[in-house]
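Notes follow once the structure below has been shown.
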Amino acid sequence: MLTSGDMAPDFTLPATTGGTITLSQLRPAPVVVFFYPKDDTPGCTIENKDFTSLAAEFEAAGAKVLGISKDSLGKHEKFSAKHDLSVTLLSDEDSDACEGFGVWQEKKMYGKTFMGIQRATFLIDGDGRIARAWPKVKVDGHAQEVLEAVKAL
């Protein structure tokens with residue numbers, strides 16, 4: 001998994017805002033990229049709602065916020081509508097961004113081993129470097145902690 005100081009790998013992914021988003025084209029704005037396992041699961045829903053509730057503050061700080069999972073764009077759109085999310089969600093069905101950031105990992109649950117997204121967040125500075133990384137995110141209070149890091153840039 002990538003850590004502070006690493007260059008963020010560029011990606012172009014379909015977005016719930018229409019069209020595609022290319023990470024490098026968002027510079028020099030700081031960008032928060034949070035990877036989450038799956039739409040409409042309890043932890044992922046809370047995380048997306050928390051980032052949505054702070055969206056105006058992230059915007060005031062000049063930061064873009066992007067949520068990424070392997071769910072299809074259609075699933076993202078339904079998830080966004082169902083929970084009134086304002087965060088831009090990107091679909092990484094081929095897992096290119098997930099693999100580039102190192103969040104596509106082997107996981108274990110109930111004695112079974114499988115590949116999945118490790119919940120993680122990256123704050124990318126205006127030069128495209130990772131200013132801060134949060135591996136194995138615990139959802140409660142996380143969006144607020146990321147906002148404080150954005151304000152400290």
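Between residue 115 and residue 38, what length in nm is gained on full extension when 0.36 nm per residue of separation is reduced by their alpha carbon distance?
Values: separation 77, 0.36 × 77 = 27.72 nm, distance 1.28 nm.
Contour length minus the Cα-Cα distance gives 26.4 nm.
Mean residue ellipticity at 222 nm from the helices of the chain, using -39,500 (n - 2.57) per DSSP H segment of n ≥ 4 over the full residue count, to the nearest 500 deg cm²/dmol?
Working: 5 runs with 45 residues, N = 153.
Mean residue ellipticity at 222 nm (helix-derived): -8500 deg cm²/dmol.
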Label point at residue 151 placed 7 Å out along Cα→Cβ; residues across segment 51-71 whose backbone nitrogen lies under 11 Å
57-58, 61
GNM, the chain, Cα, under 10 Å: largest mean-square fluctuation among 32, 137, 87?
137
Taking loop as defined by DSSP and a crowding limit of 13 other beta carbons within 10 Å, which trypsin sites (Lys or Arg not before Pro) in segment 68-153 fit?
136, 138
Residues with amide H under 5 Å of residue 107's amide H, sequence separation 5 or more or different chain, H placed in the peptide plane at 1.01 Å from N; which?
114, 115, 116
Counting sequence-distant residues (5 or more places) and residues on other chains, those with an amide H built under 5 Å from that of residue 68 are 34, 35, 36, 90
State the extension gain, in nm to one decimal, for the chain segment bounded by residue 138 and residue 20, taking 0.36 nm per residue of separation less the distance between their alpha-carbons.
39.6 nm
Show me, for segment 2-19, the HN-Hα J-couplings you get by feeding each phi into the Karplus relation (A = 6.51, B = -1.76, C = 1.60, θ = phi - 60°), rounded to Hz, glycine and proline as x.
5, 9, 3, x, 6, 6, 6, x, 6, 8, 10, 9, x, 10, 5, 7, x, x
How far is the Cα center of segment 5-44 from the Cα center of segment 57-96, in Å?
8
For segment 29-151, give me the percentage of DSSP beta bridges that are antiparallel, rounded to the nearest 5 percent.
60
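Under a point-charge model restricted to the Cβ atoms of Lys and Arg (+1) and Asp and Glu (-1), what is the dipole moment magnitude of the chain relative to its Cα centre, in debye to the nearest 20?
Working: 17 positive and 22 negative charges, 77 e Å.
Magnitude of the dipole: close to 360 debye.
Laboratory data are not the source of any read-out in this text; all were calculated from the coordinates shown. What you see is a predicted model, and the numbers here were worked out from it, not measured in a lab. Cβ coordinates were reconstructed from backbone atoms using ideal geometry, including for glycine residues, and neighbour counts include every protein chain displayed.
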